[in-house]
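The values are calculated or read from the model by the stated rules, or taken from the named source; none is laboratory data. Just so you know, these numbers come straight off a predicted model, no measurement behind them. Here the Cβ positions follow ideal geometry from the backbone for every residue, glycine too, while neighbour counts run over all protein chains shown. Side chains included, ligands, DNA and RNA excluded: accessible areas come from the protein's heavy atoms. Shrake-Rupley method; radii C 1.70, N 1.55, O 1.52, S 1.80 Å.
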Amino acid sequence: MSELLQKAYMDQLVKWIGRPCHFRLLYKISRDGCSAQTFHQKCDGQGPTVTVLYNTNNTIFGGYLSQSWNSDLDYINDANAFLFRLQYTGASNPLKFAVSKAASAGYGHSSYGPTFGGGHDIHTFSGTINKSGNYFPLNGYVGEIGNSYNLNGQSSSTITNDNLQVTDLEVYRVIDGDEQQIQQRKMDKPWREHTEWTEEKMKEIKENLLAYKPVSETNVTAANILLLGQIGAGKSSFFNSINSIFRGKITSKACSGSFEHSVTTTLNPMVRFTPKTPGYIKNPELENKIHCVAFVIDGSTTDVMSNNILQKIKDLQISLNQRGLPQIVLLTKLDKICPDVNNDVTNTFTSSAVCDAVEKIAEILGLPRAHVLPVKNYENESKLKTGVSILLMEALERCLDFADDYIDEQLDKKASEEKWPQAPEESWLLKGIRYLFRK
Ligand SMILES: Nc1nc2c(ncn2[C@@H]2O[C@H](COP(=O)(O)OP(=O)(O)OP(=O)(O)O)[C@@H](O)[C@H]2O)c(=O)[nH]1
Ligand SMILES: [Mg+2]
C-alpha cells in the first residue's frame, strides 16, 4: 500500500527540518490498524519521525519530533519539534508551528497514539479505533493547539478544521541523507507480485493454513516437508517461526543457533542416515513419504557458497529429480543483505539485492525463480510482526501446494498402474501421451 504523502509536501518538510533527509513509512493506520499498541510497536525508538493526519475536510496536518517515540508515560523533551499544516480544505497551504515549550514537545504513553505538547496540543487517539465507513473517528482532540507550540496567527480550527475524522494517519521515520542513495537499492516496480501486507491478509493465510488438508481420497493426513540445508542456514528458525505464528507468540521449540542440538542433519557430514536410524521405514506408503523438499539456504552467503556444498546439493537434486520430488528454496537471512528489508520485510519485493540473490540461487540450482521463496525468520524479535509472518506463511503455503501436486501425481500414477496392469511393454512415448491427457 502506497504512501499518501506527496513528494512536494515531503520536500516542504525537509526544508522545515533543515537538513538533507528522506522519509520511510513506519506506521499507517489504514494498513496496520489504528491501535496505540501497534503504533508503539512500530515507532518507538526509531529516532526522528513525522506524523501526518489526513482528515475528511481534505486537510493535512501533523507534527515532527527529532526524538524517538516511547511508552514511558512521560513528556519528550525536544527543542527541534514543530507542528505543521500542509494542506487546508483541499488547498496546499503549508505553515510551521515551532515548539514553545520544548520540555513537553511530545508525550509517550503506551495507550496513546501520537501525542504532542503538554495538555495536549494534538492528542490523536487512545486505545484502538475501528474504521467507520471510509474514515477513522479518532477519539483524541486538537482543540488545545497553542499550549506548547506557537500558533503563528492561526487557531486549532484553521489548522485542523477541529476535525479528527481521518482517512489516514501515517508516521514516517526521518532518515539523514537525501533520497538518491536509497533509490538505487529500491526498485520502481516490485520484482515479484505481492498482494497486501495487512493484518487481514495475515489472518486469511493463517486460516487457510489451519484448514489445510492434503488432497482427498487418500489416507495421507499430513504433508511431509523435508527441510534440507547447511548448518546454520535457518532450518530450526523457520520451524520455530512457523510454530510461533500459530502459537501467537515467539517460541523456540526446535533449538536454533546451536550446532550440538542441530535437528536437521542431512547435509551435516557428522551424521549419516542409514536403515538402522530409528524411525527408518523400508517401503513407505505415500503417507510416510516426503512430499516436498525445501532447501533452506542462507541468502547472505549466496556469493560465497563453497563448491563442495553446491556439489552436495546438486547430487541430492539428481536423486530428488529421479523420484519426481518437488523442490523449493527457502532463502533466509535476507535482512542481512538489504538494509531496507532489515528495516521492514515488506520491502522484500522491491529490494534489488533480494532480487539478485533469488535469481542467483535459481540459476545455480536450475530451478524456476518462482520456486525460490525469500523469507525472514524470527530471530531477534520478541513480538510477532505482520509482514514477517505473511512472508513465512506464504512460503509454507507454496510448500503445501507443491506437496499436494506430488501426492496428486502419485495417486494418478497408482491409479493408472491399477488400470493398465498389462502394459509393461508400453512405450515411453505412449506413457507420456497418456500422462498429458490425464493432466
Ligand atoms: N538475521 C537473520 N538471522 C537468522 C535468520 N534465520 C536464522 N537466523 C540465525 O541464524 C542462526 C542459525 O539458525 P538455525 O535456525 O539454528 O539454523 P539451522 O539450519 O537449524 O542450523 P543447524 O540445526 O545447526 O543445522 C541462528 O542464530 C538464527 O538466529 C534470518 O532470517 N535472519
Ligand atoms: Mg537446527
Next item on the list: Scan the range 209-230 for residues that are surrounded by fewer than 19 Cβ atoms within 10 Å (Cβ to Cβ) and away from ligand 1 (no atom under 16 Å from the Cβ) and report the count.
Entry: 13
Note to self: Scan the range 194-210 and tell me whether some residue there is in the same structural domain as residue 343 (by TED's automatic domain parsing), hydrophobic (A, V, I, L, M, F, W, C) and free of Cβ contacts under 8 Å to residues at least 24 places away in the same chain.
What the structure shows: no
Next item on the list: Would you check which residues across the range 281-296 are touching a helix residue (DSSP H, G or I) at 6+ places or on another chain (Cβ under 6 Å) and within 16 Å of ligand 2 (Cβ to nearest atom) and list them?
Entry: 294, 296
Item checked: strands (runs of 3 or more DSSP E) (entirely within the range 33-152) containing at least 3 residues that are surrounded by fewer than 23 Cβ atoms within 10 Å (Cβ to Cβ) and either of a type in the set (Asp, Glu) or modelled with pLDDT of 95 or more (or both) -> 74-76, 82-88, 91-98
Margin query: Need pairs with beta-carbon distance below 9 Å; first residue over 17 Å from residue 374 (Cβ atoms) and within the range 395-415, second open to solvent by 20 Å² or more (accessible area, probe 1.4 Å) and polar (S, T, N, Q); sequence gap 6+ or separate chains.
Written below: 403/224; 407/218; 410/218; 411/218
Note to self: So in the range 158-182, with the set limited to residues that are open to solvent by 30 Å² or more (accessible area, probe 1.4 Å) and at pLDDT 95 or above, which one is farthest from residue 111 (Cα to Cα)?
What the structure shows: 158
Next item on the list: Those residues that are under 18 Å from residue 224 (Cβ atoms) and among the β-branched types (Val, Ile, Thr), I need them from the range 293-328; list them, please.
Entry: 293, 296, 328
Notebook entry, point to check: Within the range 333-353, which residues are within 12 Å of ligand 1 (Cβ to nearest atom), out of contact with any Leu (no Cβ under 7 Å at 6 or more places or on another chain) and not in a loop (DSSP other than H, G, I, E, B)?
Noted result: 334, 335, 336, 342
Notebook entry, point to check: Among the residues of the range 259-273, is there at least one that is within 22 Å of residue 326 (Cβ to Cβ), at pLDDT 90 or above and either surrounded by 10 or more Cβ atoms within 10 Å (Cβ to Cβ) or more than 7 Å from ligand 1 (Cβ to nearest atom) (or both)?
Noted result: no
Check: Which ones in the range 196-230 are closer than 22 Å to residue 317 by Cα and away from ligand 2 (no atom under 16 Å from the Cβ)?
Finding: 223, 224
Check: Taking the stated definitions as given, is residue 306 within 30 Å of residue 351 (Cα to Cα) and of a type in the set (S, T, N, Q)?
Finding: yes
Checklist line | Residues of the range 117-128 classified as under 17 Å from residue 52 (Cα atoms) and either under 27 Å from the mean Cα position of the chain (by Cα) or not assigned by TED's automatic domain parsing to the domain that holds residue 163 (or both), total | finding: 3
Checklist line | Residues located in the range 191-208, provided they are under 19 Å from residue 33 (Cβ atoms) and open to solvent by 80 Å² or more (accessible area, probe 1.4 Å) | finding: 195, 196, 200, 203, 204, 207
Checklist line | Criterion: within 21 Å of residue 397 (Cα to Cα), surrounded by 12 or more Cβ atoms within 10 Å (Cβ to Cβ), within 16 Å of ligand 2 (Cβ to nearest atom) and modelled with pLDDT under 80 - qualifying residue of 254, 233 | finding: 254
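A quick yes/no check of all residues on (1) of a type in the set (Asp, Glu); (2) buried (at least 18 other Cβ atoms within 10 Å of the Cβ); (3) in a helix (DSSP H, G or I):
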| site | (1), (2), (3) |
| --- | --- |
| 312 | no, no, yes |
| 331 | no, yes, no |
| 355 | no, yes, yes |
| 359 | yes, no, yes |
| 379 | yes, no, no |
